[in-house]
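No lab work stands behind these numbers, since they all come straight from the coordinates. Here the structure is a predicted model, which is why all the values come from computation and not from measurement. All Cβ positions, glycine included, derive from the backbone under ideal geometry; neighbour counts span all protein chains shown.
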Amino acid sequence: MAALHAEWMGEPGPTDVLSFDHGEVLLCPWVAEKEAPRHNLTTEEEVLLYGIHGFLHLGGWDDQSQGDRAAMEAEQARVFALARGAVSRSNPGNSSRER
């Protein structure tokens, strides 16, 4: 992921998610595993968050300016909450933490 991040974004080191205009979204589970505890999420939830972020980019959302970033983060949080609720309803006996 670090090589792709450097090649496509010109930034060193790994990143959480890369989205490409032709429809690909690449996620980095290693970064998710490291970052999840900081956000009080499981690794799987962190990966889900990265996927949502990537697909929002494909849908035209941008996070380059402060205003755009705030709007995108709000939409990301909304979709994430919906997805988490759908998972809880589809598997009432799941082992996810209480929120």
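How charged is the neighbourhood of LYS34? Take every other residue with its Cβ under 11 Å from the Cβ of LYS34, and add Lys/Arg as +1 and Asp/Glu as -1. Its environment carries a net charge of -3. In percent, rounded to a whole number, the relative contact order of region 1-62 is 28, using alpha-carbon pairs under 8 Å and six or more apart. The Cβ shell under 10 Å around LEU58 holds other residues with a net charge of -2, Lys and Arg each +1, Asp and Glu each -1. For the chain, the alpha carbon positions stretch 44, 26, 25 Å along the principal axes, listed from largest to smallest. Picking from ALA32, ALA77, ALA86, which is most flexible by a Gaussian network model of the chain using Cα springs under 10 Å? In the Gaussian network model the winner is ALA86.
So, with +1 on the Cβ of K and R and -1 on the Cβ of D and E, and no other charges, what is the size of the charge dipole of the chain about its Cα centre, to the nearest 20 debye?
Values: 8 positive and 16 negative charges, 111 e Å.
The calculation lands at about 540 debye.
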